[in-house]
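Each reported figure results from applying straightforward, stated rules to the coordinates on display, with no laboratory input. Owing to the predicted nature of the structure, the values given are computational and were not obtained by experimental measurement. Please note: Cβ atoms are built from the backbone with ideal geometry, for glycine as well, and neighbour counts cover all protein chains shown.
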Amino acid sequence: MKKKPMVKKTFKNVLITSYIVLLSFMLAIGIVSIYYIRQTYENGSEIYTQTLKSIEILETVDQNIKETDQYIFSMTTALDKENHKDYVNHINRLMDDTAYMVKEYQNIPVSEKEKDRFTRCYYDILGYNRLINQIIEKIESGDVTAALEIYEMELKPVRLSAYESMEAVIDLSEESAAERNNMNLDAYHKMSVIVIVAMILVILVTILIVVIVTRYINGRLTKIKKWAGNIAEYDVSDDIEMDEKDEFSETYSALNVSQYMVRALIEKIVSESGTICETGEDVTLAINKSNERLENISVKLYDLKDLNSENKTIVERVQKEINDITMYLEQVAITSDYQVEVAKRHKEEVTKFKTKGEDEKVRETVSGETGVLKRM
Amino acid sequence: MGFKARIALTIFIFMVVATSCTYSGDQDNDSKASVFYLINSGPSDEFFSLMEKGAMDSAEEMNCKLVVRTPKEQGDAMAQLDYLNEAQKAGANGIAIHPISDADVEAKLEELRLSGVIINSFFRGADKKTYDITVGTDSYESGQIAARRALEAIKSSGELLVITDEIAQRSRERAEGFSAYIGQVTSTQSSDVKIYDTVITDGSGEDSEAKVAKILESHPTISMIYATGAQELCGAFQAVSKMKLNNKILLLGFDNTYETRSLLENGNIYGLIVPVPYNVGYMSIRYLKKLELNEVVDATVNTGVRFIKAEDYASEDVKALLDPTREGEVSR
């Protein structure tokens, strides 16, 4: 089985992953939102083209029928006979307009039910127009009674049927619009839920990310804090453990290298201060011995009493020189003792540092490439 | 937090978002669908099938529930009473009925009306206390329309023969309306038109043919034969054809059947007067709903008849009106 390559867990990767999670989340919400906004727009557009436009057309047809009725009524009155031709022209224009409106309606993408109902309405309009022509024919032939009878007995039911069909088409259009409106409402509800859920999730995810990142950083910084605390307590024996390879590990490595250097320095100081003490003591011992000898020489010179004055002067001068040397050496011995004392104190101070015991000592080398300590 | 855990968290977020996307707002189903009953008078024929089709279309458009009930036998008034009881139990909001016998259902209809059920009767006057509204064709007026169209055809002079049956009430009313109109015209205008005779048949084509043939033998100067039903019209056509009087006698009749359509299509008859059963059914349910919504409507809704001349047969609207296949089959 192939082992899947593990993603390097670094602080950068943690932040990038968090960013990708939030970004994906926002993208998902954005895409869903755009989808619903688009759906709402399409519904609105369909409400306009299917409902408003169809109602507008049907209202025009309805108005045309009513106007035609008016002209027919006017034609049946004897006083308006002179204007019959104009009325007929008007009626023909209205019929043409109705036919145009019917064609316009047929271009509207409506439901099958609406289409079917409108077709029946259209057939009623055709029947209505035929009867209107018959009525005109009767009026022009002077048979107004027959015209009125056709109007009352035959045309009215056809017109009623046409009106009912138109009303039904309008009802269906309104129903369709209401359905679209409900879809918009549904989209609004969905959007509301999505936004609320998204807000809650964003808050939760953000809190989670903050907690994870804080814990992560705290965990890494705690090691440095502990390490610094150890140094404050003269303990430079333990290196910071490196469990994962990230930016902090590199810092740990650098700190471990510095600790290694400090440890080496301490060991050197301890070693060299010992040497200083030993040397100082030897110097003091040598001075003391020299002083004893010089004192002996001085005593022997004092015993030489029978010397002439010239020699006496020389002896006295030598004694004085010996005394000066002795004093000088005593000063040197005092200084040496002081230096030994200082060296001892420094050694005592430095030896407070807890370094690795002899058995724990390992050879440590510094990796030239990464700066990470390698234990061998 | 491991990488896998982060992936799992991302998937979880997507699932929550996706789940929320499937949420549908409160569905507004508070308006309970109205229940309407359509009760016929007998086994469905072409007329009633189209009427049912219209009623079903109307109910579908208005989101109503429609229950259609048809007695298995013609004239079974008791079956209609059972259907009314059923409608009452089902809590029907409205009933459209073609009563076989007013006497048998009158009490029940009155009871239903008092309990708030809207009653629509086909082919009856709405003046009775048992009905809220009548949606249908006025047969008497249809007879008058036929008379005027007959006068148009024969101009100012001629003899008319009326053929009707003794069973159907609407046939009698069509004959009465026809005769009344002709009588009115001849009494007020200088017209030489008269009804030679009114032949009563048993409702069959054979009887009609025989009786028409007998009259034509003795009186071949008849200008037009007016038949109040499809069978009478077909019988009259057979008689005229056999006597080779097609060019002399015009035929005018009622009802839309396969036979009458064929006669019209082939130019064998002058014209056909047809009720529009689809509209009767359609408007019945539509007006029941209007009444339920307390809309103000006329007590009588006349769906009328259409007069179709042979020359208009090819018209788009006429074909749609006459050809039942265009209306679709009724399925229950």
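Here are some notes:
- Distance from the alpha carbon centroid of the stretch A:24-43 to that of the stretch B:213-286 works out to 66 angstrom.
- Gain in span if fully extended, A:ASP324 to A:GLU348, counting 0.36 nm per residue against the direct Cα distance: 5.1 nm
- For B:VAL67, distant residues with modelled amide H under 5 Å away: B:PHE36, B:TYR37, B:LEU38
- Chain B: radius of gyration and largest Cα-Cα distance (Dmax), Å: 26.8, 113
- Whole-Å distance, taken between Cα centres, linking the stretch B:46-122 and the stretch A:212-259: 92 Å
- Stretchable slack from A:ASN230 to A:GLN39, in nm (0.36 nm times residue separation minus alpha-carbon distance): 62.2 nm
- Selected from B:LEU81, A:ILE209, A:PHE11, residue furthest toward positive end of dipole (the protein assembly as shown; charges at beta carbon): A:PHE11
- Ranking A:ASN291, A:LEU304, A:THR279 by Cα position along the charge dipole of the stretch A:277-316, where only Lys, Arg, Asp and Glu carry charges on their C-beta atoms, puts A:LEU304 farthest toward the positive end.
- Which listed pairs, of B:LYS290/B:LYS319; A:LYS190/B:LYS53; B:LYS155/B:LYS214; B:LYS53/B:LYS309; B:LYS155/B:LYS211; B:LYS242/B:LYS319, have C-alpha distances above 32 Å, in listed order: A:LYS190/B:LYS53
- CD proxy at 222 nm, helix term only [per DSSP H run n ≥ 4: -39500 (n - 2.57); per residue of chain A; nearest 500]: -28500 deg cm²/dmol
- The alpha carbon radius of gyration of the protein assembly as shown, expressed as a multiple of 2.2 N^0.38 Å, is 2.19.
- At 0.692 mPa s and 37 °C, Stokes D of the stretch A:123-168 from Kirkwood alpha-carbon radius, µm² per second: 308 µm²/s
- Ranking A:ILE196, A:ALA178, A:TYR123 by Cα position along the charge dipole of the protein assembly as shown, where only Lys, Arg, Asp and Glu carry charges on their C-beta atoms, puts A:ILE196 farthest toward the positive end.
- Per-selection Kirkwood Rh - the stretch B:236-332 (Cα, Å, 1 d.p.): 15.5 Å
- Of the trypsin sites (Lys or Arg not before Pro) in the stretch B:187-289, those whose Cβ has at most 10 other Cβ within 10 Å and which sit in DSSP loop: B:LYS244
- Pairs from the table (A:LYS226/A:LYS354; A:LYS245/A:LYS354; A:LYS115/B:LYS65) lying more than 20 angstrom apart at Cα are A:LYS245/A:LYS354; A:LYS115/B:LYS65.
- A simple charge model with +1 on the Cβ of Lys and Arg, -1 on the Cβ of Asp and Glu and nothing else charged puts the dipole of chain A at about 1940 debye relative to its Cα centre.
- Exposed loop positions in chain A were taken to be trypsin sites (Lys or Arg not before Pro) whose DSSP state is not H, G, I, E or B and which have at most 12 other beta-carbon atoms within 10 angstrom. Between these positions, the longest stretch is A:9-304.
- Crossing angle, helix A:112-140 versus chain A [Cα axis fit, 0-90 degrees, rounded to tens]: 30 degrees
- Point-charge dipole on Cβ atoms (K/R +1, D/E -1) for the stretch A:239-296, about Cα centre, debye to 20: 500 debye
- Calculated log₁₀ intensity ratio I(q)/I(0) where the Debye formula runs over C-alpha points of the stretch A:187-230, q = 0.15, 0.30 Å⁻¹: -0.54, -0.91
- Rounded to the nearest 10 degrees, the inclination of helix A:84-106 to the longest alpha-carbon principal axis of chain A is 30 degrees.
- Per residue of B:301-310, other chain Cβ atoms within 10 Å of the residue Cβ number 4 on average.
- Global form of the stretch B:151-277, assessed from the alpha-carbon gyration tensor, a/c cut-off 1.5: rounded
- Average beta carbon contacts from partner chains per residue of A:202-215, 10 Å cutoff: 1
- For the pair A:LYS289 and A:ASN218, a Förster radius of 60 Å applied to the C-beta separation gives a FRET efficiency near 0.40, rounded to the nearest 0.05.
- Shielding by partners for peptide A:146-157, expressed as the average number of C-beta atoms from other protein chains within 10 Å of each residue's C-beta, is 4.
- Net charge dipole, the protein assembly as shown: roughly 2820 debye, given to the nearest 20, about the Cα centre with Cβ charges of +1 for Lys and Arg and -1 for Asp and Glu.
- Coordinate range along principal axes, alpha carbons of chain A, Å, largest first: 194, 57, 30
- Ascending count of other beta-carbon atoms within 10 Å, so fewest first, for A:ILE47, A:ILE224, A:ILE276, A:ILE150: A:ILE224, A:ILE276, A:ILE47, A:ILE150
- Reduced Cα scattering model of the stretch B:214-278, Debye log10 I(q)/I(0), q = 0.20, 0.23, 0.25 Å⁻¹: -0.71, -0.91, -1.06
- Acute angle (nearest 10 degrees) that the helix B:102-114 long axis makes with the longest principal axis of chain B, alpha-carbon atoms: 30 degrees
- Förster radius 60 Å - calculated FRET efficiency between A:LYS245 and B:TYR258, Cβ distance, rounded to 0.05: 0.05
- The residues B:HIS98, A:HIS84, when put in order of fewest to most other Cβ atoms within 10 Å, stand as A:HIS84, B:HIS98.
- Gyration tensor verdict on the stretch B:104-218 (Cα atoms; rounded if a/c is under 1.5, prolate if a/b is larger than b/c, oblate otherwise): oblate
- DSSP-defined beta bridges in the protein assembly as shown - what % are antiparallel, rounded to 5: 15 percent
- Label point distance in nm, A:LYS103-A:ALA178, each placed 7 Å from Cα along Cα→Cβ: 3.5 nm
- Applying 0.36 nm per residue to the separation of A:ILE207 and A:THR279 and subtracting their alpha-carbon distance, the gain on full extension is 19.3 nm.
- Order of B:ASP132, A:ASP303, A:ASP96 under a 10 Å beta carbon neighbour criterion, fewest first: A:ASP303, A:ASP96, B:ASP132
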